[in-house]
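One structure is given below, encoded as structure tokens.
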Amino acid sequence: MLRWLKGAGAGRAEIDRMRARITDALWEQVLSTYPFLARLDDGERAELRARCAWLLASKHINGARGLQLNDAMVLAIAAQACLPILKLDPALYSGWNEIIVYPGGFLIPRSEQDEAGVVHEYVQEAAGEAWDGGPVVLAWDEPDTAGQEGGAPGLHAFNVVIHEFAHKLDLRTGVADGMPALQGRPGLSPRQWRAVLEQSLDAFTQALEEIEAQIPPDVDPEGPEADPWYGQLPLDPYAATDEAEFFAVSSESFFVDPAPLARALPRWYAMLAAYYGQDPLGAQPTAAVTTISTL
Ligand SMILES: [Zn+2]
């Protein structure tokens, strides 16, 4: 049992201590907070709970800017973080050891050199960040992180925790390019992944451009009045940024609200199902692999 623990992160005694801290009451609270965990069967829930204990024993989770974290909060973060690796090797999350949680959005200092050689310093507000070989940074007050009801805008599925941990999976290969390590994933090859990723990103970018062209000039494209247009897209427009963001945003939708993604980009959805070894819509992952192998 739990053979996957060997050599990845904390030792057995620390994990056992953490398992004891995850009481039935805490666990039930997490399951009831996140509706997308409802599809898991009893065996998968037990597995997720074990992986949460492993993650919490293996990583330091620290509140920043005075945020006091309690057991319910760290377990909520762990459950969302472990959902993507429920059927994968947890060692994919090794090589770094800290999760930093801010009470709200935080500012990231950026520096960029333009073509004229001028360096521009600015700050970017963010709800999450994943460093290559470093910490995952999260904002607790995002409606999806804390699981608050009614706080989310509701246009597209958002989940900062899944988003940032998808970046971590992507970064395992040393570069954030939308292609995680595929070794050991049945029926998936880098060539096939790259082809479906590029086709799907192109199709999404084109759909986004068509939607943007339809927004009347008197409607602010950045404001909520543009929601009826952007709401027609299967993913948040941020997915069009690049391949890495396309994979991270797609992963959020895949786990939280999979139907629009599966309808709009079925081959990309099937590839994600084959990679994660899960199919949130209920079909068997092996069937999904058959679909994409016809490429
Ligand atoms: Zn991102």
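Observations
- Model label points for V175 and E98, set 7 angstrom from Cα along the Cα-to-Cβ axis, are 2.8 nm apart.
- Taking label positions 7 Å along the Cα-Cβ direction at both H120 and D202, the computed distance is 2.9 nm, reported to one decimal.
- As a calculated quantity, the FRET efficiency between D132 and L67 at R0 = 35 Å, using C-beta atoms, amounts to about 0.90.
- Of the residues Y102, Y34, the one with the fewest other Cβ atoms within 10 Å heads the list, and the complete ranking is Y34, Y102.
- Gain on full stretching of the segment that runs from D141 to D16 - 0.36 nm per residue minus C-alpha separation: 42.0 nm
- Using the Karplus relation 6.51 cos²θ - 1.76 cosθ + 1.60 with θ = phi - 60°, the per-residue 3J(HN,Hα) values for the range 121-133 come to 9, 7, 10, 10, 7, 9, 9, x, 7, 10, 8, 5, x Hz, with x marking Gly and Pro.
- Note that the range 248-261 has calculated 3J(HN,Hα) couplings of 5, 5, 4, 5, 4, 5, 3, 8, 9, 8, x, 4, x, 5 Hz, one per residue in order, obtained from phi through the Karplus relation 6.51 cos²θ - 1.76 cosθ + 1.60 (θ = phi - 60°); glycine and proline are x.
- For the peptides 203-211, 75-83, 229-237, the ranking by packing is 75-83, 229-237, 203-211, with the highest mean count of neighbouring Cβ atoms within 10 Å listed first.
- For the range 128-255: rounded, prolate or oblate by the Cα gyration tensor [a/c cutoff 1.5]: oblate
- Shown here is the pair-distance distribution of the range 3-169: with all Cα-Cα distances grouped in 5 Å bins from zero up to the longest one, the shares run 1, 8, 17, 21, 20, 15, 8, 5, 3, 2, 1, 0 percent.
- Taking every DSSP beta bridge that has both ends in the chain, the antiparallel portion is near 60%.
- Taking a ≥ b ≥ c as the square roots of the eigenvalues of the alpha carbon gyration tensor, the range 190-292 is prolate, as a/c is not under 1.5 and a/b beats b/c.
- Under-5 Å amide H pairs with I61, H placed in peptide plane, nonlocal only: I99
- Counting DSSP beta bridges with both ends in the range 3-169, the antiparallel % (nearest 5): 60 percent
- Projecting label points 7 angstrom from Cα along Cα→Cβ for I215 and Q232 puts them 1.3 nm apart.
- Compactness of the chain - radius of gyration and Dmax, Cα, Å: 19.4, 62
A short reminder: the numbers here are calculations on the coordinates, not readings from a lab. As the structure is a prediction and not an experimental result, all values here were calculated from the model. We place every Cβ from the backbone using ideal geometry, glycine too, and count neighbours over all the protein chains shown.
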